[in-house]
Structures are given as structure tokens and as C-alpha cells.
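K.L.:
Here it is, the structure, as C-alpha cells.
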Amino acid sequence: MAHASDTRLVVLHALRLKGMADAAEIARASDRAQPVVEAELTELLAHGMVRFLDKRDSWSLTPEGRAEHARLLRTDIDRAGCIAVVESAYRRILGVNVELLATITALQQGAPGVERLRAVHHDALGATEELAVELERMQSYGPRLAAALERVEAGEREWVARPLMDSYHTVWHELHEDLLLTLGIDRSAEQEVRT
């Protein structure tokens, strides 16, 4: 059975990955009911860990929230006891990342490439499945990537890389960022990991 992270962590984590989001987006990303997310956001607001942006009807982390997120994430991954699995999945994702980005660029420029995207997706499936077995909070990536791929295959090109929706690139970026955060790797230092 996959390790279940507590609601506070998954709400903070969704905000950390998205940067800014409304309660409905956070609920989808955290796989929690919206009323549960709203209650947690109210609690986090009272403790100065999130801020509400009226003009955008969105939430974001404060510096205190980022620090709490980092602390809870370290504790959570230690409790789950699956760091080796996360490291393995990360390396697999890195292994197909360059091909994925090239494929997305080609598709954005109108080149045929759905077959290439399908092949990259197939290569990444093992990593997403491996993560889903160990960490409940990682279970949405495989289905979200598959849903975006289906839309691309149906000819809906905006599902390749449009921001602010669960396009293939958006979900991939969140997965990649999730792995970096979970492993404590700074994106700017990631090149060292590749060698």
C-alpha cells in the first residue's frame, strides 16, 4: 500500500508545485476534497504559511509556508522509506527528458510527432507506476499524463504544452519538479546529477 502523506503536506506541496492556484486546482492536484482543502488553507492562512490573492482568487505560499513545506516533505519521505525508489524514478525520468522536450518543441512547431510523444510516454510509464506504488501523492501523474496524451492523439494540440492547464508538458514539469523537491535537488545543480 502506498504511503499516504498528510493533508497539510499535500496542500502545501500542490501550492509549491503550481506557484499560485485556486482551491479547486489545489484540490485536484492534492487529490483531496475541496472542502478539506479550503479548511486546510484557512488554517495555513491563520499560521502565516499561505496568502490569498483577492484579485486572482488564488493562493500562494509565504516564505514561512515554503520552509514548512520543505520540513514536512523531508519528514514524509523519511517515514515512507522509499528514497531509493524515488531516486530510481528520477533517473528514469531524466533519461527521457531530453527526448520529451525535443518532441514537445517539434509538436509546437507543427511537426508530426505524436508517435514520438507516445514512445516517450511509454518509456516514462515505468517510473510513474513505480512512484505510484510507493507514494500516494505521486499516483496522479500517470493518469494525468495519459489523459493529456489522449487529447493530443485526438488532434487537440493545445494539450501538448499550454500552460495553466494539465497539458502534457505542464504535468511532466510538475512531476520533474516534484522529484527534485522530494530528493532535495536544486534545479540549477541538476546538471551535476546527470553526470
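The values are calculated or read from the model by the stated rules, or taken from the named source; none is laboratory data. No experiment lies behind these values; they were computed from the predicted model shown. Note that we place each Cβ from the backbone using ideal geometry, even for glycine, and neighbour counts take in every protein chain shown.
Residue-by-condition table, conditions (1) buried (at least 20 other Cβ atoms within 10 Å of the Cβ); (2) modelled with pLDDT under 95; (3) assigned to a loop (DSSP other than H, G, I, E, B):
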position: V152; (1), (2), (3): yes, no, no
position: G155; (1), (2), (3): no, yes, yes
position: M165; (1), (2), (3): no, yes, yes
position: W172; (1), (2), (3): yes, no, no
position: L181; (1), (2), (3): no, no, no
position: S188; (1), (2), (3): no, yes, no
position: Q191; (1), (2), (3): no, yes, no
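K.L.:
Hey, could you check segment 72-105 for residues that are more than 18 Å from the chain's Cα centre (by Cα) and not hydrophobic (A, V, I, L, M, F, W, C) and say which is nearest to R116 (Cα to Cα)?
P.N.:
T103
K.L.:
Does A119 fit the bill of being assigned by TED's automatic domain parsing to the domain that holds R137, in a helix (DSSP H, G or I), of a type in the set (G, A, S) and over 17 Å from the mean Cα position of the chain (by Cα)?
P.N.:
yes
K.L.:
Using the structure shown, decide if R51 is among the charged types (D, E, K, R), in the same structural domain as I26 (by TED's automatic domain parsing) and either in contact with a Lys or Arg (Cβ under 6 Å, 6 or more places away or on another chain) or within 21 Å of I26 (Cβ to Cβ) (or both).
P.N.:
yes
K.L.:
Picking from L44, L17, L72, which residue would you name as being in contact with a strand residue (DSSP E or B) (Cβ under 9 Å, 6 or more places away or on another chain), part of a helix (DSSP H, G or I) and not assigned by TED's automatic domain parsing to the domain that holds E129?
P.N.:
Only one candidate qualifies: L44.
K.L.:
Out of all the residues in segment 135-187, which are aliphatic (A, V, I, L, M) and closer than 22 Å to L72 by Cα?
P.N.:
Matches in segment 135-187: L135, M138, L175, L179, L180, L181, L183, I185.
K.L.:
Right, something else. Picking from I83, I77, which residue would you name as being at pLDDT 95 or above, over 24 Å from T170 (Cβ atoms) and touching a helix residue (DSSP H, G or I) at 6+ places or on another chain (Cβ under 7 Å)?
P.N.:
Criteria check complete, one pass: I83.
K.L.:
For segment 77-88, check the following and say yes or no: at least one residue is surrounded by 19 or more Cβ atoms within 10 Å (Cβ to Cβ) and among the hydroxyl-bearing types (S, T, Y).
P.N.:
Scanning segment 77-88, I find no residue that is surrounded by 19 or more Cβ atoms within 10 Å (Cβ to Cβ) and among the hydroxyl-bearing types (S, T, Y), so the answer is no.
K.L.:
Ok, one more. Could you list all residues from segment 1-22 that are crowded, with 19+ Cβ neighbours inside 10 Å and either farther than 24 Å from L180 by Cβ or free of Cβ contacts under 8 Å to residues at least 40 places away in the same chain (or both)?
P.N.:
V11, A14, A21
K.L.:
Tell me, which residue of segment 25-52 that is of a type in the set (G, A, S) and within 16 Å of the chain's Cα centre (by Cα) is surrounded by the most Cβ atoms within 10 Å (Cβ to Cβ)?
P.N.:
If we take residues in segment 25-52 being of a type in the set (G, A, S) and within 16 Å of the chain's Cα centre (by Cα), then S30 is surrounded by the most Cβ atoms within 10 Å (Cβ to Cβ).
K.L.:
Among the candidates H3, H69, single out the residue that is within 18 Å of Q139 (Cα to Cα), of a type outside the set (V, I, T) and within 18 Å of the chain's Cα centre (by Cα).
P.N.:
When all the criteria are applied, what remains is H3.
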